[in-house]
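Enquirer: My structure is below; once you've seen it, I'll send some questions.
The values are calculated or read from the model by the stated rules, or taken from the named source; none is laboratory data. In this text, all values refer to a predicted model and were calculated from it rather than measured experimentally. Every residue, glycine among them, receives a Cβ derived from its backbone with ideal geometry; neighbour counts consider all protein chains shown. Ligands, DNA and RNA are excluded from the accessible area calculation, which covers all protein heavy atoms including side chains. Shrake-Rupley method; radii C 1.70, N 1.55, O 1.52, S 1.80 Å.
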Amino acid sequence: MSAPITQDVHTIPRKLPEGPANLVGMTRDAMRDALIAMGTPEKQAKMRVGQIWQWIYQWGVRDFESMTNLSKAFRAELAENFVIAVPEVVTKQVSEDGTRKYLVQIAGGHEVEVVYIPEDGRGTLCVSSQVGCTLTCSFCHTGTQKLVRNLTAAEIIGQVMVVRDDLDEWPQTGTRTYEARLLSNIVLMGMGEPLYNFENVRDAMKIAMDPEGIQLSRRRITLSTSGVVPEIARTAQEIGCQLAVSFHATTDEVRDTLVPINKRWNIAELLNALREYPKVSNSERITFEYVMLDGVNDSDADAHRLVDLIRGIPAKINLIPFNEWPGAPYKRSSNNRIRAFSEIIYKAGYASPVRKPRGEDIMAACGQLKSATERARKSRKQIEAEAGVTR
């Protein structure tokens, strides 16, 4: 077993675009500083930030001319100095089950995938945090695409904004904004490891939670990590959202192969960090994600070990039938095996829902996301070799 913990990361140097700065993705403080630098009197700057913020994030306005509570001269000044820019949707696919998958283009011509999953009474948006992924989890299609770069806060919150555009869900200016939403939840479970891009993820989620903008409760945002232990405490303190962990194995030996970051922070270290999380973040419980792989991690013994490991942590276990992709080195566990595994966990007192695969027909299911430009087919042998899987 010689899978690397992370890939050799050769990120493309980030050349900031020339010309007007993008207001999308700026924190309130950063926007205030930018307005003062433009010449806005300091005493006015905070109020102006509040006005612009509402136009961008509450009403979804993209041009300064429409910001009618600002003077014409101020609007003209804003248009000279700033832009309101979001990623561009290149393609949109709609699954038979209503799942929507968007390929969006960001600065530098890079692409990421974003998935919207409609359910009864809620709609969940699966957001990406990196182009590609620095991790090399052997069961994940995204992990076979090398990391190119971290997304900016603008590119992360921009994914939420373009999907709200597509769902036609920005309220009319001046109307009430708390009716039932089509996009009600965010999960940071798309491409990339969010905790390797902590500051940008944090700033984007602060914007999503701001009460004068998109107004999502922190309990409606779930960040999924493979186990970047040092950043877990920071997530509790600085974001306070719900936490999900890509767990997937009950022994270090198996997890080293499935989730190679385990070689840096093993199961014991990860669980120690997780025990503290609900106390600090005030989240109800932690979600343990567990992908069901035939003959690898799906035995009764695994189920009993899992229950023993998480004892004392407020938790639910999401069992995920493996979503196969071309050349994948694993097979999905049988329905009977998944049911037996779930039953053991349920009898131990934990919720153990089996996640229904969504959007499989458009490769939008969990672990299947990959930029279209990167979808070159690899042989099973090649993928197994890269993943460190031995047969």
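Enquirer: For a quick check of your reading of the model, give me the residue pairs whose first member lies in segment 146-157 and is open to solvent by 20 Å² or more (accessible area, probe 1.4 Å), whose second is part of a helix (DSSP H, G or I) and not aromatic (Phe, Trp, Tyr), with beta-carbon atoms closer than 7 Å and at least 6 apart or on different chains.
Expert: These pairs meet every condition: Asn150/Asn200; Thr152/Asn200.
Enquirer: Kindly provide the set of residues from segment 259-271 that are in contact with a helix residue (DSSP H, G or I) (Cβ under 6 Å, 6 or more places away or on another chain) and open to solvent by 20 Å² or more (accessible area, probe 1.4 Å), ordered by number.
Expert: Lys263, Trp265, Asn266, Glu269
Enquirer: If I filter segment 210-243 down to residues being within 15 Å of the chain's Cα centre (by Cα) and of a type in the set (Ser, Thr, Tyr), which single residue comes out as surrounded by the fewest Cβ atoms within 10 Å (Cβ to Cβ)?
Expert: Selected residue: Thr222.
Enquirer: A further question on this structure: Taking into account only those residues within segment 244-258 that are buried (at least 22 other Cβ atoms within 10 Å of the Cβ) and touching a strand residue (DSSP E or B) at 6+ places or on another chain (Cβ under 6 Å), which is nearest to Arg275 (Cα to Cα)?
Expert: Per the stated criteria, the residue is Val245.
So that you can scan it fast, the table gives a plain yes or no per residue for (1) open to solvent by 40 Å² or more (accessible area, probe 1.4 Å); (2) part of a helix (DSSP H, G or I); (3) modelled with pLDDT of 90 or more:
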position: Gly327; (1), (2), (3): no, no, no
position: Ala340; (1), (2), (3): no, yes, yes
position: Cys366; (1), (2), (3): yes, no, no
position: Leu369; (1), (2), (3): no, no, no
position: Arg377; (1), (2), (3): yes, no, no
position: Glu384; (1), (2), (3): no, yes, no
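Enquirer: Quick one: is Val187 open to solvent by 20 Å² or more (accessible area, probe 1.4 Å), at pLDDT 95 or above and closer than 30 Å to Gly109 by Cβ?
Expert: Judged against the criteria, Val187 is a match.
Enquirer: Filter segment 149-169 for residues that are within 13 Å of Glu199 (Cβ to Cβ) and part of a loop (DSSP other than H, G, I, E, B) and give the result.
Expert: Leu151, Thr152
Enquirer: Looking at Lys263, Lys316, which is the one that is in contact (Cβ under 8 Å) with a residue 24 or more places away in the chain and in contact with an Asp or Glu (Cβ under 7 Å, 6 or more places away or on another chain)?
Expert: Lys263
Enquirer: Turning to a different aspect of this structure: Answer yes or no: is there a residue in segment 26-42 that is modelled with pLDDT under 95, among the charged types (D, E, K, R) and over 20 Å from Arg202 (Cβ atoms).
Expert: no
Enquirer: Quick check, is Ala315 within 27 Å of Tyr116 (Cα to Cα) and modelled with pLDDT under 90?
Expert: Numbers: within 27 Å of Tyr116 (Cα to Cα): yes; modelled with pLDDT under 90: no.
No; evaluated as a whole, the condition is false for this residue.
Enquirer: How many residues are crowded, with 16+ Cβ neighbours inside 10 Å and outside any strand (DSSP E or B) if we restrict to segment 98-145?
Expert: 19
Enquirer: Among the numbered criteria (1) outside any loop (DSSP other than H, G, I, E, B); (2) over 20 Å from the mean Cα position of the chain (by Cα); (3) surrounded by fewer than 22 Cβ atoms within 10 Å (Cβ to Cβ), which single criterion is violated by Leu306?
Expert: (3)
Enquirer: Take segment 32-75 and flag every residue that is in a helix (DSSP H, G or I), within 20 Å of Gln172 (Cβ to Cβ) and open to solvent by 40 Å² or more (accessible area, probe 1.4 Å).
Expert: Gln54, Glu65, Ser66
Enquirer: Scan (1) part of a helix (DSSP H, G or I); (2) closer than 18 Å to Asn282 by Cβ; (3) open to solvent by 40 Å² or more (accessible area, probe 1.4 Å) for the single condition Asn200 breaks and write down its number.
Expert: (2) is the only condition that Asn200 fails.
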